[in-house]
1. Which residue pairs have Cβ atoms closer than 8 Å, lie 6 or more positions apart in sequence or on different chains, and pair a first residue in the stretch 39-56 that is within 17 Å of residue 206 (Cβ to Cβ) with a second residue that is basic (Lys, Arg) and part of a loop (DSSP other than H, G, I, E, B)?
2. Of the residues 190, 194, 216, only one is within 16 Å of ligand 2 (Cβ to nearest atom) and either among the hydrophobic types (A, V, I, L, M, F, W, C) or under 13 Å from residue 393 (Cα atoms) (or both); which?
3. Take residue 329 and decide whether it is out of contact with any Phe, Trp or Tyr (no Cβ under 9 Å at 6 or more places or on another chain) and among the hydrophobic types (A, V, I, L, M, F, W, C).
4. Looking at the stretch 147-174, which of the residues that are farther than 21 Å from residue 391 by Cβ and open to solvent by 10 Å² or more (accessible area, probe 1.4 Å) is nearest to the chain's Cα centre (by Cα)?
5. Tell me the residue from 50, 115 that is open to solvent by 70 Å² or more (accessible area, probe 1.4 Å), of a type outside the set (Asp, Glu) and either more than 16 Å from ligand 2 (Cβ to nearest atom) or outside any helix (DSSP H, G or I) (or both), please.
6. With respect to residue 231, determine if the residue is over 30 Å from residue 143 (Cβ atoms) and open to solvent by 30 Å² or more (accessible area, probe 1.4 Å).
7. Hey, can you tell me all the residues within the stretch 396-426 that are among the aliphatic types (A, V, I, L, M) and open to solvent by 100 Å² or more (accessible area, probe 1.4 Å)?
8. Among the numbered criteria (1) buried (at least 17 other Cβ atoms within 10 Å of the Cβ); (2) at pLDDT below 95, which one does residue 76 miss?
Amino acid sequence: MLSWLSFTTKIKLFYFKFLSYNLFHKNMNLLAIETSCDETALAIFNFDKKQKKEIKFSVLSNHVLSQINIHREFGGVFPALAKREHAKNIVQIFEECLKEANLYKEKSVKIRDTKKKKIKKLLERESEMCGEILSLAQKIEKPDIDAAAITSGPGLAPALWVGINFAKALNILWGIKIYPINHMEGHIISAFVSPISEKNFLIKDISYPALALLISGGHTEINYFEKIGKYKKIGQTVDDATGEAFDKVARSLGLPYPGGPEISKIAALARTNNLQIEKEFKLPRPMLHSSDLNFSFSGLKTAVINTIKKMKEANKSDEEIKNKIALDFENAVTEILIKKIKDAVEKYNAKSLVIGGGVIANTFIRKNFLEFSEKENLNLYLPEKFLTGDNAFMIGTVALHKIVNGKKKTKIKNIKADSNWSVENL
Ligand code: KG4
Ligand code: ZN
């Protein structure tokens, strides 16, 4: 079509198109790393840094390695073991991610001694991981990764440090910038993520004011926010977290860790069978009518232990005890969560509700919140099921939101594990 143009004009046109494209678009690859608890997870995103509003991105790879089978025999997550497993697996998962993202280019590379020394010093307590990183770096060319998002809290400090030090080693090797990310903000933002196709996603805009209910193994809190990145805690548990209560109750019923999915399965079946809960099996609803937006789950756990004991003395079968307690416990937790959110929505005139954390994998809780939001005319954002548990995808979404909005990278020496980092202090 342009054949009548001279060769030099064509070159000029091409150059102009190239320049203007780069002025308005800047594609980047982001590596996300999550090691705060018992999942070693890595993901790679590709996105345009210069986009605004509803942010789109492609997922080039997304891996989650769960350590659940290793921790199960301890009835919970054992920090030293979690650290060891992260260090053992992270480099191999990174290699797999690079291959899947087509960023793994074999080439024999010589690493400068100064770099080697720095990495060895950084990883002196993770010598096996150090050896694996160095040997990988000697066999591939610098992968096309512009930045790394790393969970730096909250979580188990020894586990967090593995991911942080891994990212720092990548920074020494290849100059990859690092964005420290709050794990709980990952649970919040991943709830706005909506799939466009199998590998393409969108971070939706939401209407404000909004509330974020975080329900996981370590957290139960309600945050108020009018924009992403600025949260105010308006309610929280005064003792156990929701997931922790599920896990403890499950243990009392002789069910394996993690207890949430186990209890949920039993309760769902009991509900389908229309199982009736007699008065002697009924559990309390702690703080249901308290005037604040706080929660308490440890009383519920104690009530479960006492009920089990009483019902055993009354010669009820283990099966009956398990079914009725699982059912009423799930009902109680759901009732409490909904009531507190109802109060919070009224008090703060919220237009949107976002729910994040492992417990929102629970089908019954999801269903009840869907019905509740419909009745209350509230916009509800729930994460896709594959994003409910811990993963690196959610960490990537926070970093990508920050990058698109012009947030600067953090100085490497300031990046530390902060096991109690609250989303209020971002
Ligand atoms: O967010 P998460 O994966 O890890 C933390 O950051 O804590 O949450 C883990 C928690 C565990 O306590 C687990 O029992 C709970 O989420 N959980 C569930 C369900 N699936 C996982 N709780 C209730 N119902 C479920 N289906
Ligand atoms: Zn989590």
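1. As it stands, the answer is 54/204, since those pairs meet every condition given.
2. Values: 194 fails: within 16 Å of ligand 2 (Cβ to nearest atom); 216 fails: either among the hydrophobic types (A, V, I, L, M, F, W, C) or under 13 Å from residue 393 (Cα atoms) (or both).
190 is the lone residue from the list that is within 16 Å of ligand 2 (Cβ to nearest atom) and either among the hydrophobic types (A, V, I, L, M, F, W, C) or under 13 Å from residue 393 (Cα atoms) (or both).
3. Working: out of contact with any Phe, Trp or Tyr (no Cβ under 9 Å at 6 or more places or on another chain): no; among the hydrophobic types (A, V, I, L, M, F, W, C): yes.
Judged against the criteria, residue 329 is not a match.
4. We begin by selecting, within the stretch 147-174, every residue farther than 21 Å from residue 391 by Cβ; these are 168-169, 171-174.
From the residues that got through so far, the ones that are open to solvent by 10 Å² or more (accessible area, probe 1.4 Å) too are 168, 171-174.
On the way: 168: 21, 171: 23, 172: 26, 173: 27, 174: 26 Å.
For the stretch 147-174, the residue satisfying everything is 168.
5. Numbers: 115 fails: open to solvent by 70 Å² or more (accessible area, probe 1.4 Å).
Step by step, each of 50, 115 is checked, and only 50 is open to solvent by 70 Å² or more (accessible area, probe 1.4 Å), of a type outside the set (Asp, Glu) and either more than 16 Å from ligand 2 (Cβ to nearest atom) or outside any helix (DSSP H, G or I) (or both).
6. Working: over 30 Å from residue 143 (Cβ atoms): yes; open to solvent by 30 Å² or more (accessible area, probe 1.4 Å): no.
Considered against the rule, which asks whether it is over 30 Å from residue 143 (Cβ atoms) and open to solvent by 30 Å² or more (accessible area, probe 1.4 Å), residue 231 comes out as no.
7. To start, the set of residues in the stretch 396-426 that are among the aliphatic types (A, V, I, L, M) comprises 398-400, 403-404, 412, 415, 417, 423, 426.
Residues satisfying the conditions do not exist here.
8. (1) is the only condition that residue 76 fails.
The values are calculated or read from the model by the stated rules, or taken from the named source; none is laboratory data. Owing to the predicted nature of the structure, the values given are computational and were not obtained by experimental measurement. We place every Cβ from the backbone using ideal geometry, glycine too, and count neighbours over all the protein chains shown. To get the accessible areas, we keep the full protein, side chains included, count just its heavy atoms, and leave off ligands, DNA and RNA. Shrake-Rupley method; radii C 1.70, N 1.55, O 1.52, S 1.80 Å.
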